[in-house]
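Laboratory data are not the source of any read-out in this text; all were calculated from the coordinates shown. None of these values were measured; they are calculated from a predicted model. So basically every Cβ, Gly included, is an ideal-geometry build from the backbone, and we count neighbours across all protein chains shown.
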Amino acid sequence: MPKIYIIDVTNRDGVQTPRICLAKLQKTMINMFLNEMGIYQSELGFPFTNHEVNYINANLELAEMGALQPIVLSGWCRAVISDIEKSITLTRIKHLSLSISVSDIMIKGKFEGRKNRQDILHMAAESLDYARDHGLTKLGMNAEDASRADINYLIEFAGVAKEHGAERLRYCDTLGYDDPFTIYERIKKVAQAVKIDIETHCHNDLGMAVACSVGGALGAVDAGVNAYINTCVNGVGERAGNADLVSTILAVRKASGLDHRNLLDERVDLSKAWQIGKYAAYAFDLPISINQVAIGDNAFTHESGIHADGVLKDAHNYELYDFRELGRGNPEIVETGRKITTGEYSGIRGFRNVYNKLEVEFKDEQEATEILELVRYANIHTQKALTDSELRFIAQYPAIARKILTVSPPSDSK
């Protein structure tokens, strides 16, 4: 039976959001949390971009070590050979999503008459052939602005993509233009005609990113192919954002027409939802809205008499799912007395105090000093107090951390 899998794109599309960013260590932690959560794939960045190289190679090394397994780590680039060539020259990336615009309005507007529909098909075929010939697998073909593309041309595009080795077609609702009904029908038509797995990539310009993602995925499943939903942690993304990771998972598992179908990848562990949502909010420096699905402060808060009475009698009266399913419920300890932290100017004694509380031991003074130096650099790198998870990561994978923290501008070619 076809299934629905989650491909999180926080580290690629999410970080394109204006006015917010993630340090490479923070992107790595997002990948670690996604892996713990059982997410199928993380689109970890742009492998043809110089400042991403050390981070991407370090994360691929974590995968080879088993620390980032079984999650699939993929990159994104344009459907042009120069991007692919640079990606495989600079990094050890093995999986790519290739992207090109398919709507007439974008073909005309972006290429200004230099390309037509047939040129786009040729570029897709040529880029896929090149990627496949150079050993890349799990190739995806991104149809940018698919929601505004002619449906027959989209079917033709999907057919070319499949013929030239794409495993999936990414249906991009780039402007958030679709509604859950149109995207269901359009994706179902493409999937029935081409029999290729479909990804949904939905933006929230009309407030329907999650609904459209789920609707589109159902269109693929009902056509007999697997569906993959693109998400971002806490719904970050360009303009109004992308489909929220936790909301999407809950919708597929809990909505009235879906809760009995068992469509979601069984590896997804909702108990990690609270952890990843809180970390991303801290890393992005974006507070979680009190009414955010599942992890907002008001998601399980009741005040009115009728609601409070009902939920105290039986939580199911006013709660669709249990807060414990999300990893919520444990008290969070807030230090109100003396607190020792680590940062760019920390000394060895305070550093040891912090790690002792984390129950992390060092074999000797030299190892402790080396980790302290990395922690100092990490603080400069993130410009934030390091979290417990970041401190543990640095202590456990110091060689990897050193690579992630190293961002070197290319040498002057003059």
At the level of C-alpha centres, the distance separating region 96-140 and region 377-414, in angstrom, is 35
Residues whose modelled amide H sits under 5 Å from the amide H of V72, counting only those 5 or more places away in sequence or on another chain, are Q41, S42
The answer for L264, listing residues at least 5 apart or on another chain whose modeled amide H is closer than 5 Å to its amide H, is I4
Zone reached by a paramagnetic label modelled 7 Å from F111 Cα along Cα→Cβ, restricted to region 135-150 with backbone N below 11 Å, covers none
Pseudo-spin-label distance I81 to I333, built 7 Å along Cα→Cβ, given in nm, is 6.0
Per the 1/(1 + (r/R0)^6) rule, R0 = 56 Å and r from the Cβ atoms of E126 and Y282, FRET efficiency to 0.05 is 0.85
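Do the alpha carbons of any pairs in K3/K189; K138/K278; K138/K195; K3/K272; K254/K278 sit beyond 27 Å of each other, and which pairs?
From K3/K189; K138/K278; K138/K195; K3/K272; K254/K278, over 27 Å: K138/K278.
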For Y228, other-chain or 5+-apart residues with amide H closer than 5 Å (H placed, Pro excluded) are Y5, I198, E199, T200
For the pair D119 and E303, the simple spin-label estimate (label points 7 Å beyond Cα toward Cβ) gives in nm 5.8
Packing-ranked peptide list from 297-310, 340-353, highest mean Cβ count within 10 angstrom first, is 340-353, 297-310
The simple spin-label model distance between E185 and N50, using points 7 Å out along Cα→Cβ, in nm, is 5.0
Surrounding charge for L34, neighbours by C-beta under 12 angstrom, Lys/Arg +1, Asp/Glu -1, total -1
For M208, the net charge from surrounding residues (Cβ-Cβ under 14 Å; K, R +1; D, E -1) works out to -4
Extension length gain for Q16 and N262 (0.36 nm per residue less Cα distance), in nm, is 85.3 nm
Honestly region 1-100 on the Cα gyration tensor test (a ≥ b ≥ c root eigenvalues; a/c under 1.5 rounded, otherwise a/b vs b/c for prolate or oblate) is just rounded
Everything considered on the Cα gyration tensor (a ≥ b ≥ c; rounded for a/c under 1.5, else prolate if a/b is larger than b/c, else oblate), the chain must be described as oblate
For the chain, the dipole about the Cα centre with charges only on Cβ (Lys and Arg +1, Asp and Glu -1), to the nearest 20 debye, works out at 500
A student applying the Cα gyration tensor rule (rounded when a/c is under 1.5; otherwise prolate if a/b is larger than b/c, oblate if not) would label region 200-348 oblate
Magnitude of the Cβ-charge dipole (Lys and Arg +1, Asp and Glu -1) of region 64-125 about the Cα centre, nearest 20 debye, reported as 120
Expressed as a whole-number percentage, the relative contact order of region 243-320 with C-alpha contacts under 8 angstrom and at least six residues apart is 19
DSSP beta bridges in the chain: the antiparallel percent, rounded to 5, is 5
